[in-house]
1. With axes computed from alpha carbons, what is the tilt in degrees of helix A:447-456 against the longest principal axis of chain A, rounded to the nearest 10 within 0 to 90?
2. What's the angle, to the nearest 10 degrees (0 to 90), between helix A:470-480's Cα axis and the longest principal axis of chain A?
3. Before anything else, pin down the relative contact order of segment B:2-68: Cα pairs under 8 Å, at least 6 apart, normalised by residue count, whole percent.
4. Sum up the charges of everything whose Cβ sits under 15 Å from the Cβ of A:ASN231, counting Lys and Arg as +1 and Asp and Glu as -1, but leave A:ASN231 out.
5. With +1 on each Lys and Arg Cβ and -1 on each Asp and Glu Cβ, and nothing else charged, work out how big the dipole of chain A is about its Cα centre, in Debye to the nearest 20.
6. With just the Cα atoms defining each centre, how far is segment A:373-450 from segment B:44-65? Give it in Å.
7. Between A:GLU344 and A:ASP496, what length in nm is gained on full extension when 0.36 nm per residue of separation is reduced by their alpha carbon distance?
8. Restricting to Cα pairs below 8 Å that are 6+ residues apart, what does the relative contact order work out to for chain A? Please round to a whole percent.
Amino acid sequence: MTKKQKKTRTRIVTALVLFLALELAEHLAPDVLPGLAWPVLYLIPYGIVGWDVLWRAVRNIKNGQVFDENFLMAVATVGAFGCGEYPEAVAVMLFYQVGELFQSVAVDRSRKSISALMDIRPDYANIERNGELVQVDPEEVSVGDVIVVKAGERVPLDGTVLEGTSSLDTAALTGESLPRDVQAGDEVISGCVNLTGVLHVKVNKPFGESTVAKILDLVENSSSKKAKAENFITKFARYYTPAVVFAALALAVLPPLLGMGPWLMWVQRALNFLVVSCPCALVISIPLSFFGGIGGASKQGILVKGGNYLEALAQAGIVVFDKTGTLTRGTFEVTAVHPQQVGEGELLELAALAERFSDHPISRSIQAACQPAPDPARVTDAKEIAGHGVQAVVDGKAVLAGNQKLMDQFRISFEDTCHHVGTIIHVAVDGVYMGHIVISDQVKEGAEEALRDLKAAGVRKTVMLTGDSQAVGQAVAGQLGLDEVHAELLPGDKVDQVEGLLQNKGPKEQLVFVGDGINDAPVLSRADIGVAMGAMGSDAAIEAADIVLMDDDLKKLPVAVRIARKTLRIVRENIVFALAVKFLVLILSAVGVANMWWAVFADVGVSVIAILNSMRMLNAK
Amino acid sequence: MKKTFKMIDLDCANCAAKMEAAIKKIDGVQDAAVSFMTQKLTIQADDARFDAVVQEAVKVCKKVEPDCEIVLK
């Protein structure tokens, strides 16, 4: 609690004790004091607990703020005094202040829990000057400087490790709890915590452009993009309060004029209206839900750029994926070895040796698959035939490794029996076919599960777009269970495909595009919601997308959809609950069933319940 | 130009909404947002009138909630 809150608490407790003492005294010995003394005595706890409300009411009237909640509470309680309901007036003011205090504490707590979440701003950077380590503001470090990050410190700027090995805790950025090992030559990004060793890092970017600055900027700005529900509430509040106040006025004046009862009774009922007229429950709890949803998501490494995107994500109906780098790893690996005449290991070894001096991604994947690496001295002559493969002399024998064109060129005959999808490398020794190796892109771990979860979360259709061949596209789509595949697309075609899908989607459905943020900025911005993944260290992705998954774990996507749906559910619950209670109490007050206690509950009680409901979002999973 | 300001002692959510509505009405303001949760005011306004807009926004906010202070940097 802050100082201000503690002061309010003291006032509430003092007033409550006085109030209860007075109540007791009045009940036990009503005749001890003359009748007029009681209201004067009740004024003491009323003044203690409510003076600031009265003061603010007067001040705000001067500023022309008529429908201010302080003013309404002041009129309602002073009115109750006027009607002779002294204990009620004090109790209502007490209850109101308790509610306000509770709200303020709850909101503070939510703010703190979220700012703790986003507490990734580095305070200082260690830099070597004249042989001594000094702490400087990260903003003062320039590109090319070498900073030292000790164990337990936060990496202040993006850069490359020059020396040292360590493991980094990236949880604050990605939600991933497994530490990541780094060594000399690796890139490190700001915001991670160095767990074990000392790292010397050469800075690549000024602080303003670092990952941490970008993320903080994004999170801080997310509250300025408001969801439709938030704007609706603001607008609603603008009409609701004046409407209820005028209704109160009418209720106080019209029925008695029409001879439907005494003035006092109708004025009392009208005062209830004033108490219910504040829209606080909604005005606080709806933004709090979105705030909590965005905060809860960022705890999982999902950055949402605004409440509007969270709202849209809750209605995700079609999810479109880019293939390479999103559904697949984007790296090539040997997936099958089909030898003829020789053993599997031998075939792989032959290919690896022949490809030894090639730097093609395909060669590299064969080298990687052949462990331990064979002795390169066995290769005596190697020549790359562009677009075909390689020709080399291994152990004195002429080895060919390459595609079908290479085999055709050297008139090597073989039967094409392979049913695997991918790039195929054929191997021949001294003109005799030895077999082939299949290399393909690997489907990401968890991709299948992620797609299943998306469906379970309510997504109607999943679509894959790829520039790859039809065969590869179909194979991946079949393996993962996608509903639709569009292959052999040029980058521009992807936008057209998304346009087509947008035209055919349902009226309340939103289209989500998921890409790795590289080369797909036009599609990301064309979709209703653009999601970029694997964004750690990629500025382009952070800028182009509406929602950013910090690491490249596809399973975060269904998590994001679930959080969005939960947020919207809570928002709807709060709207319905608050409005229902308020209107019910208004009606019951008008007919004289509800007293001021009901009205206070409909105001502060509902606020507190709605806030508690919203706070559930802070722990969203 | 778009700029964000910190707000101190913004205690009432309804006031935040009122401030936002009032600031949006200031001449030259393209967009404005007052976030009760992050206690921040974002103003997007014409470059030429920006300082005047900010001055006016401070005045408007004082009217709605005199206890609340906007930190100008």
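Rule-based calculations on the coordinates, nothing more; no lab input. On a predicted model such as this, the values are computed, not experimentally measured, just so you know. Every residue, glycine among them, receives a Cβ derived from its backbone with ideal geometry; neighbour counts consider all protein chains shown.
1. So the inclination is approximately 30 degrees.
2. The two axes meet at around 50 degrees.
3. Reported relative contact order: 39 percent.
4. Here the charged neighbours net out to +3.
5. 3180 debye
6. Going from one Cα centre to the other spans 70 Å.
7. Values: separation 152, 0.36 × 152 = 54.72 nm, distance 4.47 nm.
Difference between extended and current length: 50.2 nm.
8. Rounded, it is 15 percent for chain A.
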